[in-house]
Amino acid sequence: MAVNPCMPRCAAFLSLLCFAVASTAGDHVLLNATFNAETVGSPPGTGGAAVGEPIGAGTAIIGLAPFPTPNLQIRDTATCCAQATAFEFLGSEEVTSGTVQIRADVEFSGTSQPVIGLREQGSYADTFLDLYSGNDQPYLAAYTGSTFHTVLGQFTPNAIVPLEIDASADQRLVSIRLNGVSLLDQAAITFTQPTTRGIGTLLIGVENSASLSGDVMRIDNLHAIACTSSVFADCLFVDSFDH
């Protein structure tokens, strides 16, 4: 892999009360993963979105500190290739219209080369997004389709911060905020070949980097919803969302 917000002033899931609002009937939960039922020190289960788990664990394990609760710990353990933990959505849904809104608490260690990607359901041919850092660097870059965005911003190593990603397959737009700071604002998703596919897979992993690390990235309180508004990111969180 090469690797608006609905309410910009909210600090993602570190301040959840901002999202206690009603929404349109069509909005619905896609994924709710807190990892609290997982065993620290072991790989996560692979039961899928119905139980808040990935469908493939990759080289990830369940960690604890510096988070107060169990979290997904992404590690770099291979000298040959990229690795990823793959999540799908409830009912194997692929969102072809409206906006997928992803919220999580993340911590980048500053080592190796973490990556977060959005693909179609069931395969990884269409790159709606790859957000990643340089190898052992705190600088973030991204691909939105075939468009490359260099030096979007940087993170503070070992700081737990909220991540917000909004992406629309039909409107071909992506917005990203990290710790309340905009990295991309309605950036275009471009494809060299036409596609009718939607967003159905979330990849959290590490690039084929030159260095190895047992702690590349942590992620917790991972949530996603489908927003049916035809206006990009003009959406509200579902009021029944299980935090």
Within region 199-219, restricting to residues that are among the small types (Gly, Ala, Ser) and either surrounded by fewer than 23 Cβ atoms within 10 Å (Cβ to Cβ) or in contact with a Lys or Arg (Cβ under 9 Å, 6 or more places away or on another chain) (or both), the one that is nearest to Leu140 (Cα to Cα) is Ser209
Residues that are hydrophobic (A, V, I, L, M, F, W, C), surrounded by fewer than 24 Cβ atoms within 10 Å (Cβ to Cβ) and not in a strand (DSSP E or B): does region 117-129 have at least one?
yes
Restrict the check to region 151-161 and report whether at least one residue is out of contact with any Phe, Trp or Tyr (no Cβ under 9 Å at 6 or more places or on another chain) and aromatic (Phe, Trp, Tyr).
no
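Any read-out appearing in this document is the output of simple, stated calculations on the displayed coordinates, not a laboratory observation. The structure displayed is predicted, hence computed values, not measured ones. Positions of Cβ are backbone-derived with ideal geometry, glycine not excepted, and every protein chain shown enters the neighbour counts.
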